[in-house]
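A quick write-up on the structure given underneath.
The values are calculated or read from the model by the stated rules, or taken from the named source; none is laboratory data. The structure displayed is predicted, hence computed values, not measured ones. Cβ placement follows ideal geometry from the backbone for every residue including glycine, while neighbour counts extend to all protein chains displayed. Surface areas here come from the heavy atoms of the whole protein model, side chains and all, with no ligands, DNA or RNA. Shrake-Rupley method; radii C 1.70, N 1.55, O 1.52, S 1.80 Å.
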Amino acid sequence: MERCRARRAGPADAFRAGEGAAMPASLLWAVDVHGRVYSLSSAGQQWELWRDAPMEFKRVTAAQQCCWSLGCDNGIYLNVFASDVPVRYREETYENQRWNPVDGFSERLLPSDRWQWSDVTGLQHQPLHGFQLPSSSWEWEGDWYVDENFEGEPTEKEGWTYSIDFPSTYTKDKKWNSCVRRRRWIRYRRYKAMDTWAKIPSQPMSLPDPFSDISCGGWEISEEPRGRLSLWAVSLQGKVWFREGICHHNPEGSSWEEVPLPGEVVQISCGPGDLVWAVLWEGKLIVREGITRDCPKGLTWTVVEGPSPEVGASHVSVGNSVVWAVTKDNKVWFRRGVNSHNPCGSGWISMVGEMITISVGLHDQVWAVGGEDRAVYFRQGVTVSELSGKTWRAISAPRDGERSHSSASSQQSAGRYFSGEVQAQSVVNDADSDAEKGAGDGATFTTPEPLLGSASDPPSDPAPKARIPKVTSDSFISELVSDKDQAKPSKDVRVTPAVLEEEVLPIEGEESLLCAGEALPSTESRGGPASQWSNVDLEEAQNQQIQSAAVLDSAETCSLSSVTTFTLAGEDSYGAEEHPMWAWVSGGGCSVDSSSQLNWFSSSANTNSLTQSVQSMSLSVSPAQTAAWRRQICEQLSERSRREMDDFKHYEQAIEQSVWVKKGAMQWWRDWKPHKWIDVQFAFEQFSGPDGNKDGILFIYYNYYEEKKYLHAFINEVTILVPVLNDSKHTFAIYTDERTKQRWPIRVAAATELEMYDWLALLSVSCCESRGIRGPPSRQAIWSITCKGDIFVSEPSPALEAVPYPTPCDQMFWRQVGGHLRMVECGAGIVWGIGDPVSGYTSRGLPTDRYMWSNASGLQECTKTSTRPPSPQWTWVSDWAVDYSVSGGTDREGWQYAADFPASFHGYKTMKDFVRRRRWARKCKLTTTGPWQEVPPIALSDVTVLPGAAASSTIPLWAVSNKGDVLCRLGVTALTPAGSSWLHVGTDQPFKSISIGAAGQVWAIARDGSAFHRGSVSPQNPAGDCWYHIPSPAKQKLKQVSVGRTSICTVDENGNLWYRQGVTPSYPQGSSWDHISNNVRKVSVGPLDQIWIIADKVQGSQSLSCGTVCHRLGVQPVEPKGHQWDYGIGGGWDHVTVRGNATEPPRIALFSQKDSAPPTSRSPLPGGDAELNGSAVG
């Protein structure tokens, strides 16, 4: 008996080189009290109104790919977000015929045969006219057509496959005993209701029972089928319903199924995983248990007591491992101890705040709607270690339609600050103000004369006025804080040349921008004094001789000092809707965490706090004055530096010559047999020469039979530093050109992982300094990736592809680039990469069997406790769980069975099976500082970029998703390397490899090993027209393809490298396959038709080396396949790409007989021929 476990990173992601990584934007959804639906982007600053809603909605529940809603008609509506890959579903049916001596093959079948039109099993009748669209949200893409491919090979005419009888094994060839035949008919339908609200067809019921609540989740229960969701609903009669069949190709689901209950439910919540809680009428809560990938509806309900015995629960919301609840008195509660193994939790904790509804989203982040102000609140400080968070913070983002007014007001205010002008406002005298107050507009205005410096009598209005203290450079803050006498009426005001003594505060919520001749509104109508604000004029009043009569009559603008501080109270921009009343919020599709930078909490324009009063003082210095001040400081510093340098000109310039040494205790893998780890002293000595260049030497001091010896290597001879994957030690390898030839690097191990990465960083910087390498990789760089996912780049010399004497590969210097990827593809000046999931298997039984917990091979022990992420950049994001998505299928518990180790495993138990295994998975997340920017949302398995330089501004880029879909990226340019959107290219079967070459040559490999060529690809038609099937080499299944300028190379599943003969512009499909080499893992063909591979079983000085970078020598137009291999860095490499290196090699004159003999051609193998029988190994 055996068990299997695996560790697995998140789904493979697409990346590109850029200025850092950012989390993709997602949406927070809310419904106001009027039934209008709004969404707030995690990268946005305002609520966007969904104007196409067919009616008012009661509630919404969101996922990242869609949003469900409950309308006021109690119907369910679905909004599927538009993406680059369309929602398509393939309908298929089979036409069956039998042969008879009279008619030959015909539709006349025996009574015991299947239907003439049936499904693949033959048990269900499926005529062509019997297929109907599920709803009005779907449309047919085309008519029915015959599938003329069978297992990757083209069939004979009309797509028939033959067999001796029903059912049996079918073949594409007709034989003498073929008595039956069948062919498959295919028709695609597309979901067209994208980015709009589509009503879900209602369930026929005996009695009307409309829905009152909905909740979606469950997308983390299983990755298959793609886009799987769980939708739960509550009806008015307290029943709970589950929507069956929701997935990517069927976003509406298929039918409703009632779930038995212990009582009547009023509200339900479903988390991203297997948590489902509901609230009963009496205030208790129930928890759904037994939810698995095979049973997403669960098995039973468990009753949980509410948070308070006196007050029942009214609302509940769940996440991955949290439960929040609201009781009927609007108190908020947090459930502790909740996880997948204990969905009921252990107890309630009372939280601060009063809310009416609450929503838990991705990463267990929490939103709520306030009980009194009906504002949307966000729970700050929610982390993995503190799931309950720290505090509530109101979201103050404006709504759609209000932002424009606010923006205009802000621009107007900004203009008043920096242009020295403001618009004139209506100015009235005391009598007018009193008349207006009597008319009921709620505003009292004072006369503007105090602004002009003249004395005036206090107004006759005895209402208390808010007083602004005298403002000076030293006493403004203290006076503002200490002044408490707000009930004292306003007294005579005089304006000195430098200081404004007193003014009346504006009404809170209105904007008052003061200038000479401009009135200030009072606070009397608000029933009390407002907080204190200031208006400071720092320019002499004598320079502002403005006549009040001119202002009263016709002035529209007034001159101000260039340094002015205005009151910051704004107008009531939103009117009656300034504080929106929200009824519901849903964060199920909002991907934020505690470190996200959100723009939702902008300060309100009418906030009258002391903080903003202090901030307003910072506006008393204009940008012009700031620039002049900085310019003056810089000039003074420059003059001082020049003066000091002149004083020392007569001294001789010093030459820096320094030596710097770092030492440490390490372990070294001994070069001679028996090989073992021994303790050594590791030292690095760096020195600077007279010319300022830095160099260094590595020393390894060890004892040999009590004799002290040392091993050394010059830092300018080091070709690469590689971290080595080792579960027991923190190891890295040091290569030089000589050790690259031997396939035997210097391997050392540090005591800790941190110490290893410190040494690697130091040595890497020193290597680059000694070679004068700085900055990012060039457009011509060659990229490679190790089996561990580390990324390396090498700057090729012009002579690398020279004929007949190229630069040897073992002399290339490789430096590491940040990131952890599975593959990198470059070309036309841009670089894309694809992330990699990490996985493995385990097993053990007899002493001769494998370990109880092991990797995929079973040869290396790997337990749960000893399994660690690949590097410090990876962190665990989930616990261990049984993985059911294993090739070959599993039983209900995840086991696979076989007769013995190793053998072919299957998902069911037979009498001949004596061993079993199952895979465990744990997800880890990569956090890297590498210059990679994520390109969401589609996970990719292969990507290709046009090699060399693009002929136009648009760069062709194709990819294959991890589902096998072929995609073409639109909008890719040198300035926008991420592009804009994906264009889906139709295929009849899933693909696994793709490559584009010069003149739009697109070749691809299907998952069944067959090759295809895409016709008519051009800048005007970037997706081409159709696929042409290319026969594979005899009895071989291809797995990877690479296309250059004129050369096309492929690798099959047996490691053979093939070259396509006969490719011409008039016949781009070519004529035949020629074998070049074997033991090849991957191939990369460059823009000059140069051929590079990753080869296995390369002979080294000690043993065979797997995963070696090799370069094909002698590649010329007259000999495109070359003649021998030159071996570079290795082993342990998994990917290489040279598709960016378009540097033409220099022309070297051949030696004549009179010249001296040419240098001996370097052979990668000892004793002559570098290639044996066309093989990549000796």
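Using a probe of 1.4 Å, the accessible surface attributed to Lys175 totals some 110 Å² when neighbouring protein chains are kept in position. Rolling a 1.4 Å probe over the protein heavy atoms gives the range 1044-1115 an accessible area of 33 Å² per residue. Given a Förster distance of 56 angstrom, what is the FRET efficiency for Glu635 paired with Asn342, based on the Cβ-Cβ distance and rounded to 0.05? After rounding to 0.05, the efficiency reads 0.20. Counting only protein chain heavy atoms and rolling a 1.4 Å probe, the accessible areas of Arg59, Arg969 rank, largest first, as Arg59, Arg969. Ranking of His1123, His1013, His249 by solvent-accessible surface, largest first: His1123, His249, His1013 (1.4 Å probe, protein heavy atoms only, all chains present).
Distance between the 7 Å Cα→Cβ label points at Phe699 and Gln933: 4.8 nm. Applying the criteria of a DSSP loop state and at most 15 other Cβ atoms within 10 Å to the chymotrypsin sites (Phe, Trp or Tyr not before Pro) of the range 697-727 yields Tyr705. Computed over neighbours whose Cβ is under 14 Å from that of Trp281, the net charge equals 0, Lys and Arg +1, Asp and Glu -1. Extension gain for the segment Lys909 to Cys72, taken as residue separation times 0.36 nm less the Cα-Cα distance, is 296.1 nm to one decimal.
Over 27 Å between C-alpha atoms is what I'm after, so list which of Lys172/Lys1082; Lys390/Lys925; Lys788/Lys1097; Lys239/Lys963 land there. Result: Lys172/Lys1082; Lys239/Lys963 exceed 27 Å. Here, the range 937-1082 yields an orientationally averaged convex hull projection of 8.5 nm² when only Cα atoms define the hull.
With R₀ set to 41 Å, the beta-carbon distance separating Asp900 from Lys175 gives a calculated FRET efficiency near 0.70.
Cross-link partners for Lys175 among the lysines, with Cα-Cα distance under 27 Å and sequence neighbours closer than 8 places in the same chain left out: Lys157, Lys1035, Lys1037.
Computed over the range 659-834, the quotient of the alpha carbon radius of gyration and 2.2 N^0.38 Å is 1.10. Could you pull out the pairs from Lys729/Lys923; Lys663/Lys709; Lys58/Lys297 whose alpha carbons sit more than 21 Å apart here? Those over the limit are Lys729/Lys923; Lys58/Lys297. For every other residue with a beta carbon closer than 12 angstrom to the beta carbon of Met351, add +1 if it is Lys or Arg and -1 if Asp or Glu, then tell me the sum. Counting the neighbours of Met351, the net charge comes to +4. The accessible-area ordering, largest first, of the residues Lys1082, Lys174 stands as Lys174, Lys1082, per a 1.4 angstrom probe. Among the GluC sites (Glu not before Pro) found in the range 100-188, those both in a DSSP coil and sparsely packed, with 15 or fewer other Cβ atoms within 10 Å of their Cβ, are Glu107, Glu141, Glu151, Glu156.
Under the convention that each Lys and Arg Cβ holds +1 and each Asp and Glu Cβ holds -1, the size of the dipole of the range 940-1130 around its Cα centre is about 180 debye. Under Stokes-Einstein, with the Kirkwood radius over Cα pairs as Rh, the value for the range 89-191 at 4 °C and 1.567 mPa s is 89 µm²/s.
Based on Cα contacts under 8 Å between residues 6+ apart, the range 659-834 shows a relative contact order of 16 percent. Based on Cα contacts under 8 Å between residues 6+ apart, the range 940-1130 shows a relative contact order of 12 percent. The mean accessible area for residues of the range 189-284, using a 1.4 Å probe and ignoring ligands and nucleic acids, is 39 Å² per residue. Charge tally for Leu760 (other residues, Cβ to Cβ under 14 Å; Lys, Arg +1; Asp, Glu -1): 0. Between Ala627 and Val303, the contour length at 0.36 nm per residue exceeds the alpha carbon distance by 109.8 nm. A straight chain from Leu133 to Phe105 at 0.36 nm per residue would run longer than the Cα-Cα distance by 6.9 nm.
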